[in-house]
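Structure first, commentary second.
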Amino acid sequence: MTRIHRAIVTAILVFLLFIGVGGCWSVQELNNRAFVNTVLIDRTEDGQTELTLGIPLPNRMIPGESGGTGQPQGDPFSFVTRRAENLSQALNLIQIDVPRNITFGQTRIVVIGRRQAEYGLDQVVEFVFRQPSFRLSASLFITPGDVKEITKAPMVFERILSDILRKYVNNHYVLDTTIKDYKLALYEGGDILIPLMYFGELPGVAQEDPKKNRWMGSGGAAIFSNGKMAKTVLTPLEHQTALWISSQLKNTTLTISSPTDGKEMSFYIEEIKTDIKPKVQGDQVSFRLVSSAKAYVESSLSHIDLKDPQVIQQLEEILSKDVEEQFIRVLNKTRQARSDAFLMRQYLDWKYPKVWHTMQDQWKNYYANELPIEVDVNIRVNRTGGVYRSVVHETNR
């Protein structure tokens, strides 16, 4: 390489380095933007669209910025709500009242009210996909009541509401259903599961401070069919089973009755894995769900002898059968709602595309009424804990 070539390469590298430290790429300054991290959408009784944006307040998040020194006073975020004929008009009304330019580049959470969910999310997805900065990985939630109840939820462990909901997803407490997932589901019939969030009052709590008796938590899952929320929903326990079927559950606890004396035994379940396998024999299409997991005894009030291999095998059979029944119960609910919520059609299309093409038009009815589904769960008890017999039983002897 000649000196001239080396000089040109050096100049290009220096230029690239200067670009990397050049600051903002946009003509808009950061302090002129309002970064939305939570979007709440509902439909009013008269058919209008209600849009609420959760926006952090930077002047309340930095110590000393709210006057004086020490921690800033007041909530570090605000919610702004407007109603209009559609989302675009509602957003415009909010922008008029907000002194900063609204941007969706940091939006991680979208919560939909039940009335809008039953009407359908087509308009919501259409609006989101046309916002260039909107994250398609934003998580979807449904609430069965007024969506603005979420604004009253107390902030205890986190300062920002969206951080709490994101941790529900990241810790695998709820299904991870994103905007992109819903959009893809719409192309194939609009069948999907979206986690339900409940917001309300805690009974028996002192009423001195209205915020102290509010609570927020997972309330199961909404079943969508043809892009609309069905009346049939999954309970919190069934929601956990749905996580198991979807291989999104990392660990859980199962409680059963001892086969010897009927007393309570609890098992910690981990290393959960589920495979959904289509099978074609002639004209018959069926599915087999195969799931495996490991368990160890977390607590036991039974005098059962955990040193006996036959006893361990018996416990494994009871645990496996219990989970199989839960699987069947959840699958039956999705069939009742006429929703292929676990996307079995995709597995059939991937492995047997020609078969899927022939029965694509009748799949909805076939899944709801005829599809044979076999469930096979295999749970192995690997550890019995530090003792073989119940500590309570040994103490009372």
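The values are calculated or read from the model by the stated rules, or taken from the named source; none is laboratory data. As the structure is a computational prediction, the values presented were derived from the model and not from experiment. We work out accessible area using only protein heavy atoms, side chains counted, and drop any ligands, DNA or RNA first. Shrake-Rupley method; radii C 1.70, N 1.55, O 1.52, S 1.80 Å.
Things worth noting here:
- Taking each of Lys277/Lys364; Lys273/Lys354; Lys183/Lys231; Lys148/Lys228; Lys148/Lys231; Lys183/Lys228 in turn, the alpha-carbon distance tops 24 angstrom for Lys273/Lys354.
- Put simply, region 337-387 fits an ellipsoid with semi-axes of 35, 13, 9 Å; these come from the alpha carbon gyration tensor as the roots of five times its eigenvalues, largest first.
- In angstrom, the C-alpha Rg and Dmax of region 98-200 are 13.9, 41.
- Scaling the Cα radius of gyration of region 238-389 by the globular reference 2.2 N^0.38 Å produces a ratio of 1.23.
- Under 16 Å from Lys333, Cα to Cα: aspartates and glutamates that are on another chain or at least 8 residues apart: Asp191, Glu238, Glu324, Glu325, Glu370, Glu374
- Spread of Cα-to-Cα distances over 10 Å intervals beginning at zero, given as percent, for region 248-302: 21, 32, 24, 16, 7, 0
- Taking 21 Å as the straight-line reach from the Cα of Lys307, the lysines in range (excluding those fewer than 8 positions away in the same chain) are Lys263, Lys294.
- Region 285-371 shape via C-alpha gyration tensor axes, a/c threshold 1.5: prolate
- When the surface is traced with a 1.4 Å probe over the full set of protein chains, Phe104 keeps roughly 10 Å² accessible.
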